[in-house]
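Everything on this sheet refers to the single structure shown next.
Every number in this text was worked out from the coordinates using simple rules, so none of it is lab data. Note that this is a predicted model, so its numbers are computed, not measured. Counting neighbours? That spans all protein chains shown, and the Cβs are built from the backbone with ideal geometry, glycine included.
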Amino acid sequence: MYYDYLIAGAGLFGAVFAHEVQSRGGRVLVLEKRDHIAGNIYTEKVMGINVHRFGAHIFHTSDEEVWNYVNRFARFNHYVNSPVAIYRDELYNLPFNMNTFSRMWNIRTPAQAKAIIAAQTGEYAGIVPQNLEEQALCLAGRDVYEKLIKGYTEKQWGRDCRELPAFIIKRLPLRFTYDNNYFNDRFQGIPEGGYTQIVEKLLAGCEVRTGISLQEFIARNGEKPQAEQDRWGKLVYTGMIDEYYDYCYGALEYRSLRFETEELPGEDNYQGNAVVNYTEREVPYTRIIEHKHFEFQTGPGTVITREYPASWNKGDEPYYPVNDEKNGKLYERYAKRAAQEKNVIFGGRLGQYKYYDMDKVIRSALDLAEKTGIPGNL
Ligand code: UDP
């Protein structure tokens, strides 16, 4: 069989790209090494609740075209992410906003909050932050940094805040209004019925094989008589770029996660919120997710997941690229090699070693399809 594209990975990037190629008349074969599609946005029903198996995914975007696109594959509800943070016996609203400041300093007005933060910023005022600690101190002052950022970040990334890039903390809004919306984006929601159905619909009509890695596929294909071998025009690889090249320049660093999911049939509302962060260093998990609140479910029973950050070693699931300077330089070497490939394209969080959100993954897959997805363009 001839395929215009062989796509390794049935996560969001692979599925959007496959869908786009197919809808332009191209033929695709999608390979997935896990036994299920949808990568880390995989959700599955447990006790009637859609459980985010590989970490909470909240869809948010300011890209209207991407928003319209995902709405073709699911109905999105009006969920707005408003996590709370627990630090010892104190509870704060996130992101950092007037609710947080008012609880922390017993104040009411933005002017009071700004004055306290300015006083706490001290020697860091006006500097160009060189790392996450400096960035956090500049933005939010010492109290917020010590109680809500330092412990969480150091357990999440397994390293000192001074060794982390500043941009990570800029993912979080800081505002002087009473607004607990974790995102600044124009559009936000959770697909009613979970994420897996989106990927199922994206891949409808495409040939998909699960439980097989690219390496296994190539080996098995090579064993067939030549006339029966599958052939393809281009390969789209959504796994780790360094693994693809057999770590020839060295291994990139990733962070991993371990999830501990508990079904609580006797509990209807465990924590009153979908996401509760535990920001002190001593609590080994970073957050507890109560999945039913993503879809406003109120029935009996609940399912919760504790999320434990973990170091990554070869063979573990990679969740986050560690986008610091050292890894950035190493990635550039792989990217240079990748740019010379005529028939291999790397996509998604792992293929491009980038801390992409879902909307950015979709945007990049759509752009790639626009550029190269039409079979005649091969
Ligand atoms: N963060 C923090 N305290 C929190 C939540 C987040 O310091 O209570 C920091 C932490 O460094 C984290 C970053 O903000 O890695 C980004 O958080 P986000 O919730 O965007 O991460 P994700 O959901 O992708 O894990």
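Considering only LEU202, ALA113, CYS138, the residue lying farthest towards the positive end of the dipole of the range 111-202 is ALA113, judged by Cα position with unit charges set on Cβ. With 32 Å as the limit, the listed pairs LYS201/LYS326; LYS170/LYS336; LYS33/LYS170 have LYS201/LYS326; LYS33/LYS170 beyond it between alpha carbons. With an 8 Å Cα cut-off and a minimum separation of 6 or more residues, compute the relative contact order for the chain in percent. Relative CO of the chain lands at 27 percent. By DSSP, the beta bridges lying fully in the chain are antiparallel in about 60 percent of cases. Compared with the dominant principal axis of the Cα atoms in the chain, helix 214-223 is inclined by about 10°. Using only alpha carbons, the range 237-320 has a radius of gyration to Kirkwood radius ratio (Rg to Rh) of 1.14.
Both the radius of gyration and Dmax for the range 40-146 are 18.9, 53 Å, in that order, over alpha-carbon atoms. To test your reading of the geometry: what angle, between 0 and 90 degrees and rounded to tens, separates the Cα axis of helix 12-23 from the longest principal axis of the chain? Once rounded, the angle reads 40 degrees.
Would you kindly give the portion of the calculated P(r) for the range 304-359 that falls above 14 Å, as a percent of all Cα pairs? So the portion of pairs separated by more than 14 Å is 65 percent. A Stokes-Einstein calculation at 4 °C with viscosity 1.567 mPa s, built on the Kirkwood radius of the range 131-206 over Cα pairs, returns a diffusion coefficient of 86 µm²/s. About its Cα centre, the dipole of the chain is roughly 660 debye, where the only charges are +1 on Lys and Arg Cβ and -1 on Asp and Glu Cβ. Expressed in units of 2.2 N^0.38 Å, where N is the residue count, the Cα radius of gyration of the range 245-378 is 1.40.
Spread over its residues, the convex hull of the C-alpha atoms of the range 1-64 is 130 Å³ per residue.
Histogrammed with a bin width of 5 Å, the alpha carbon distances of the range 169-321 distribute as 2, 6, 9, 12, 14, 15, 14, 10, 7, 5, 3, 1, 0, 0 percent, first bin at zero. Helices in the chain, meaning DSSP H runs of at least 4 residues, each add -39500 (n - 2.57). Divided by all residues, the mean residue ellipticity at 222 nm is -9000 deg cm²/dmol. Placing unit charges on the Cβ atoms of the charged side chains and taking the dipole of the chain about its Cα centre, the candidate lying farthest along the positive direction among THR279, GLN215, TYR2 is TYR2.
Here the Kirkwood formula, the inverse mean of 1/r across different C-alpha pairs, assigns the range 192-253 a hydrodynamic radius of 14.8 Å.
With axes computed from alpha carbons, what is the tilt in degrees of helix 358-372 against the longest principal axis of the chain, rounded to the nearest 10 within 0 to 90? With both axes taken from Cα atoms, the answer is about 30 degrees.
By DSSP, the beta bridges lying fully in the range 1-96 are antiparallel in about 65 percent of cases.
So if the hydrodynamic radius of the chain is defined as the Kirkwood radius over C-alpha pairs, what does Stokes-Einstein give as its diffusion coefficient at 37 °C and 0.692 mPa s, in µm² per second? Translational D for this selection: 147 µm²/s.
Computed from the alpha carbon positions, the gyration tensor of the range 92-156 leads to an equivalent ellipsoid with semi-axes of 19, 16, 8 Å, biggest first. In the range 258-299, the convex hull through the Cα atoms has an average projected area of 3.4 nm², a quarter of its surface area.
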